[in-house]
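Notes follow the structure.
Where a number appears in this text, it was derived from the coordinates with a stated rule and is not lab data. Only a predicted model underlies this, so the values are computations on that prediction, with no experimental measurement involved. A quick note on method: Cβ atoms are made from the backbone with ideal geometry, for glycine too, and the neighbour counts reach across all protein chains shown.
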Amino acid sequence: MLYGIIDIGSNTMRLAIYLIEGQRMEMLMKKKELVGLAGYLKDGVMQPEGIDRAAEVLQGFQSFLATFRITQVVAFTTAALRNAKNSKEAVAALEARTGLKIRVITGEEEATFDFIGATHDLTNDAGILLDVGGGSTEIVAYSGEEIEEKVSLPIGSLALRTDYVQGVLPLREECLRMHERAEGVLAGLMGFENLASPEIVGIGGTFKGANALYNLVYNQPATNKRMETRLMRGLIEDFQIDDGMTEPMTIQLMKAVPDRMHTIIPGLIIADVIARRFHARNIIYSDSGVREGFIYAEIIGKK
């Protein structure tokens, strides 16, 4: 049976079409819109313009689904709407305007779905999973098939960029301030004190973009999924705007992260601070995450 899974993220809204048969799923296609919902938060309140933009995108998704008579549709939202002071009112407005039932998943649920999706096909016995989203960051420590610790941190690539960066790319001073903010948030992290991992599994759009940029800059094959953290730190330094952009650097950015140029460096700063905390030498990108975990847990697992 065909399912439409709508993920209303802090940076990007996605519609993915899956064929789900028994215990097997296959993603057939994906549509995405760069909305930047987190940027519509003013003093923690989701503005009407953000609700209008989200409703417009959702209505476009619905039109697409109706064309192919896909009636099994699930919609959920993460940090941008979850953390808004007017979350209930904003979600209710979107439901009224679209007819969709929108589930607001908690930070703990998001971390759990991330873990289920990303580790379903991994062979690692233990490790740390990281998802740097637009409005929040999820960290999961796992051993075997069990979660040992999980947390959702109130810091994300788009939110960080909105608070600290004036242009498309950050200045060196802006990077320092973002680094201090990320370290401040991580300083309050409880339950992970004695954990270390030589490798971290990174999922989501930040790491998808980081992986593409890493491979271009360091002449790695497009199939490479392993990023050395020491070299990722070099990307942060290279793409600060103080000394301007060379043509090769511009080409690399436009090829690798055309839709994420404004959030890729803030996202990498969060990843760098966390990688240092856990003494990780490598980050391995996994292209499965919250949507796949949601399907395994909430659709396949409940059949």
Quiz item: If you find the alpha carbon centre of segment 80-131 and of segment 63-78, how far apart are they in angstrom?
Solution: 17
Quiz item: What FRET efficiency do you get for M27 and R230 if R0 is 45 Å and r is their Cβ-Cβ distance, rounded to the nearest 0.05?
Solution: 0.85
Exercise. State the antiparallel share, in %, of DSSP beta bridges confined to the chain, rounding to the nearest 5.
Key: 65
Quiz item: On full extension of the chain, what length is gained from T71 through A96, given 0.36 nm per residue of separation minus the C-alpha to C-alpha distance?
Solution: 7.2 nm
Quiz item: How far is the Cα center of segment 4-49 from the Cα center of segment 234-303, in Å?
Solution: 17
Self-check item: Proximal lysines relative to K88, as straight alpha-carbon distance under 23 Å, when same-chain residues fewer than 8 apart are discounted
Solution: K42, K101
Practice problem: Could you point to the residue in T229, I264, A54 farthest towards the positive end of the chain's charge dipole, with +1 and -1 charges on the Cβ of Lys/Arg and Asp/Glu respectively? | Solution: A54
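Can you pull out the GluC sites (Glu not before Pro) in segment 132-209 that DSSP calls coil and that have at most 14 other Cβ atoms within 10 Å?
For GluC sites (Glu not before Pro) across segment 132-209 that sit outside H, G, I, E and B with at most 14 neighbouring Cβ atoms in 10 Å, the list reads E145, E193.
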Self-check item: Student exercise, the chain dipole from Lys, Arg, Asp, Glu Cβ charges, in Debye to nearest 20
Solution: 720
Quiz item: So which trypsin sites (Lys or Arg not before Pro) in segment 1-71 pass both tests, a DSSP loop state and at most 10 other Cβ atoms within 10 Å of the Cβ?
Solution: R69
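Please report, in debye to the nearest 20, how large the charge dipole of segment 1-83 is about its Cα centre when each Lys and Arg carries +1 at its beta carbon and each Asp and Glu carries -1 there.
160
In deg cm²/dmol and to the nearest 500, what is the mean residue ellipticity at 222 nm of the chain if only DSSP H runs of at least 4 residues count, each as -39500 (n - 2.57), divided by the residue total? Walk me through the numbers before you get to the answer.
Values: 11 runs with 125 residues, N = 303.
-12500 deg cm²/dmol, from helical runs alone.
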